[in-house]
Amino acid sequence: MNAETLMVATVYNPQEIDFERPGKHHYNVAFHLDSSWGYSLVPLTVINGLRKASGTARPPGIAVFGGTHGNEWEGQVAVKRLCLDLDPTELCGQVFLIPQLSESACVANQRLSPLDGVNMNRAFPGDPRGTVSCRIANFVKTNIFPRAGVVLDIHSGGHEAVFPLCTSFHPIPDPSQCAEIAHVATLFDTPFIFIYSNQMASGLLTSEAEADGKITIGGEFGCAEAVNRKGLRHAYEGVKNVLRRYGLLPGDVIKIDPDRQDPPRFMKADNLADYVPCPQNGIWEPALDAGADVGEGDILGWLHDFSDFTSKPREIHAHRSGILAAMHFAAVSKKGVTLYVIAEEVRL
Ligand SMILES: [Zn+2]
């Protein structure tokens, strides 16, 4: 056990957290279980920088989340590293780091919490009298969001999908909020920035933060319940670039991927017709990698039926041209799950 581990305070009531206390402080925020005595202990690091700001304006608070889905590890590892690495003497302003938001799901390496079956990324704005995931979401909504001007939620494809490395946000009606979000999304230096439909789901952490007017960035930094080395680097260094952008860390934004000279490509899929469901149960054999440019009619993959091993696989053709923004990950593909998404390249 190291010194950092020893300094974690367990708090049973969010009012016990002194969010203004100078320096770096670690907490386990206890949310009581619904079925027995005990707690989900959600890790939280609060940093109040000790460095004086160069101007008079206080920089916006920055909140960073990993483990909103428990089987997506790049965000958990990146945020855990930041909990240790960020030095309050180098920082000014406030940073809130939550490496395992759906702590019970993270422990179980599952997308959903095993305690209540709730998807944390559908639980917002939460409910103070709801199940444990809803109470954690409510804590974020009422204690973290009001203190943060910038909200970063780091995801990956888990067992669901393969995305090209990307940051993401939804269509934002307010032009100045949209412009700033689009700029901050570039600071992660991912090859793609995905503007995706709000209609696929409700209750997302990022949707809630966007609606609250925050500069909000999501993103997909790997897949397959692993830690993607490149994705981890973009997530970790991207957060530090955001801290530099707003003056919390000194210095200029850095180039994260020295091997790619082009700026990130913006791709947009705000039409549900571009989130194509699997037409039948089958075994999915992809023909292309996520991020590929496709033409209308191109073969994206095949669905195999092993109940007759001599049967021809069903060809899946692109319904339109664009960028292959997401593909089903697992071989076993059920009728109705999203098989692929095609986005259109846009300039902002
Ligand atoms: Zn996720």
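Consider region 58-78 and keep the residues that are in a loop (DSSP other than H, G, I, E, B) and away from the ligand (no atom under 15 Å from the Cβ). The one that is surrounded by the fewest Cβ atoms within 10 Å (Cβ to Cβ) is R58. Applying a threshold of 8 Å to beta carbon distances and a minimum spacing of six or more residues, or different chains, the list of pairs starting in region 106-131 at a residue that is without any contact (Cβ under 8 Å) to a residue 24 or more places away in the chain and within 16 Å of the ligand (Cβ to nearest atom) and ending at one that is open to solvent by 40 Å² or more (accessible area, probe 1.4 Å) and assigned to a loop (DSSP other than H, G, I, E, B) reads V118/L112; V118/T131. Highlighted here are the strands (runs of 3 or more DSSP E) found entirely within region 213-293 that include at least 1 residues which are open to solvent by 60 Å² or more (accessible area, probe 1.4 Å): 265-269, 275-277, 282-286.
Taken over region 132-150, the criterion of being free of Cβ contacts under 8 Å to residues at least 40 places away in the same chain and within 16 Å of the ligand (Cβ to nearest atom) is satisfied by S133 alone. Being touching a helix residue (DSSP H, G or I) at 6+ places or on another chain (Cβ under 7 Å), within 28 Å of L348 (Cα to Cα) and of a type in the set (D, E, K, R) is a description that applies to D252. Being hydrophobic (A, V, I, L, M, F, W, C), assigned to a strand (DSSP E or B), crowded, with 22+ Cβ neighbours inside 10 Å and touching a residue at least 60 places away in the same chain (Cβ under 8 Å) is a property that V42 has. In region 100-109 there is no residue matching the filter, namely being in the same structural domain as H234 (by TED's automatic domain parsing) and at pLDDT below 95.
Here C92, C83 are screened, and the one residue that is in a loop (DSSP other than H, G, I, E, B) and more than 15 Å from the ligand (Cβ to nearest atom) is C92.
The values are calculated or read from the model by the stated rules, or taken from the named source; none is laboratory data. Bear in mind that the values here come from a model prediction, so they are computed numbers and not experimental data. Cβ: placed from backbone, ideal geometry, glycine included. Neighbour counts: every protein chain shown. The protein model used for the area step is the full one, side chains on, heavy atoms only, and it has no ligands, DNA or RNA in it. Shrake-Rupley method; radii C 1.70, N 1.55, O 1.52, S 1.80 Å.
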